[in-house]
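Heads up, the thing below is written out as structure tokens.
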Amino acid sequence: MRKLFLIPLIVFALTAKAQVKTLTLKDAITYALENKADAKKAKLEVENSEYKIQEVRSRALPQISANGSLTYNPILQTNVLDGAMFGQPGQSIQVAFGQKWTSGAGISLSQAIFDQSVFTGLRAAKSTREFYQINNQLTEEQVIERVANNYYSVYVQRERLILLDSNYVNTAKVRDIVKGQFDNGLAKRIDLDRIIVKMSNIDTDRQQIKNQIELQENALKFYMGMPIETQIVMPKTEFEVTPAALTEAPNTANRTEYLLLKKQEELLEFQKTAIKAEYYPTLSLLAGYNYLGQGPEVPFFAKPADGVYWSDYSAIGLNLKVPIFTGFGTRSRVRQADNAIKSLQEDIKDTQLGLDLDYRNAKAQIENNLVTIKNQKENMRLAGDILKNTKNNYLQGLASLTDLLDSENASLEAQNNYTRAVLAYKIAEIALIKSKGELKNLLN
């Protein structure tokens, strides 16, 4: 009875583990942005940027610290004084200063009044936040692109398997016909063997495609951050070919890649300004309050009656630091910052050219693939008609087995070519959407 009770639980557990999920492209992208490690890490960087900004701001706030000390002096330092101070002129007297035990406690404060590097850091804080926000957007776009391309690749592999399965069924029907003819002495053994060999080859191709589908699906789930054991179903409506709107080249200044580089250039300018700040003087306010205990024994629990005395003291002042000569170190770092900015500006120019090239290439691929899809669709129809007519002629003895097999191969190749053309179009469509900076629109 116990074993019988466990069987339904095991079946339920296996069914739950192998859950089936209907997955549209929008669902896949949404899932990836919520679960993929890259997307999560980019969001954490945005959050971390706030802490970095707080760190910069802290330099403009008062710095307060407490201190304490306890010192034991086994041998007190002595100084030689003029004996006239003690009524013994002309003599030198050694006098020990201090006590065996010294204890102190206090609190100190420093406040920057003028520090150009602090002011520059505060101005750069907003740009730092914006940099990480743009970087997060770029990461999300990269995740969307990977997921979309792999999503369409999985579909194409599945379509190829469907075609092979259909071809296998049709070939099996031909085999049955040829076998019947062979049994009645109307066909040769070699004809039957050729059909059997073809079926074996189709079955081998099916196994290879199944393996490719599993690998491609695993890659898609990895890019989504989805458990590998999840079974997915893809609606056919996701792969309908709708001619994309081909407009004039988009403004590259709105692309995330360009915006990120421009923001990086802005941060490098702030870095250069911060280095130049070393030429400026700095002024800070210093204040402290301390309490000092001295005596021949540990001051903590002793009293004046024990020879231990406590006193307090405080100080308030200004600290001015004026740089005069730094060995040309600051100048060298300013020039390094200049070169870093110039190098980044070259990257910006190159990126603009690359983004424009991406759009031109994607547009050309879209146009070419639309023509290819149209041609392959017509080829697929013609190959289907030829196969149908050849099969009828074969059954009537008007066509050879070779003609029939060639027609089947041509029909299968035409269908595969059409499927590959659709994939090429979908990949080009993603590239075009990316070149226009509209990958987020796939979530709509």
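The values are calculated or read from the model by the stated rules, or taken from the named source; none is laboratory data. As the structure is a prediction and not an experimental result, all values here were calculated from the model. When we count neighbours, we look across all protein chains shown, and the Cβ atoms used for this are built from the backbone with ideal geometry, even at glycine. Accessible surface areas use protein heavy atoms only, side chains included; no ligands, DNA or RNA. Shrake-Rupley method; radii C 1.70, N 1.55, O 1.52, S 1.80 Å.
See the values below:
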{"quantity": "Region 307-332, residues that are touching a residue at least 40 places away in the same chain (Cβ under 8 Å), part of a strand (DSSP E or B) and in contact with a Pro (Cβ under 7 Å, 6 or more places away or on another chain)", "calculated": "Lys321"}
{"quantity": "Residue satisfying condition, being open to solvent by 50 Å² or more (accessible area, probe 1.4 Å), modelled with pLDDT under 90 and not hydrophobic (A, V, I, L, M, F, W, C), within set Thr402, Thr372", "calculated": "Thr402"}
{"quantity": "Tally, over region 175-217, of residues that are farther than 23 Å from Tyr418 by Cβ and open to solvent by less than 50 Å² (accessible area, probe 1.4 Å)", "calculated": "8"}
{"quantity": "Residue list for region 48-67, restricted to those being open to solvent by 90 Å² or more (accessible area, probe 1.4 Å) and either part of a loop (DSSP other than H, G, I, E, B) or not basic (Lys, Arg) (or both)", "calculated": "Tyr51, Gln54, Glu55, Arg59, Leu61, Gln63, Ile64"}
{"quantity": "Meets criteria (assigned to a helix (DSSP H, G or I), out of contact with any strand residue (DSSP E or B) (no Cβ under 6 Å at 6 or more places or on another chain), of a type outside the set (D, E, K, R) and open to solvent by 50 Å² or more (accessible area, probe 1.4 Å)) for Ser127", "calculated": "no"}
{"quantity": "Conditions (1) in contact (Cβ under 8 Å) with a residue 12 or more places away in the chain; (2) open to solvent by 80 Å² or more (accessible area, probe 1.4 Å): number failed by Ala96", "calculated": "(2)"}
{"quantity": "Among the candidates Leu25, Leu81, Leu70, Leu33, residue that is touching a strand residue (DSSP E or B) at 6+ places or on another chain (Cβ under 8 Å), at pLDDT 90 or above and surrounded by 13 or more Cβ atoms within 10 Å (Cβ to Cβ)", "calculated": "Leu70"}
{"quantity": "Unique residue being touching a residue at least 24 places away in the same chain (Cβ under 8 Å) and within 20 Å of Ala28 (Cβ to Cβ) when the list is Tyr151, Tyr132", "calculated": "Tyr151"}
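One line per residue, one yes/no per condition, for (1) of a type outside the set (Phe, Trp, Tyr); (2) modelled with pLDDT of 95 or more; (3) closer than 20 Å to Val118 by Cα:
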residue	(1), (2), (3)
Asp306	yes, no, no
Leu320	yes, no, yes
Thr330	yes, no, yes
Asn339	yes, yes, no
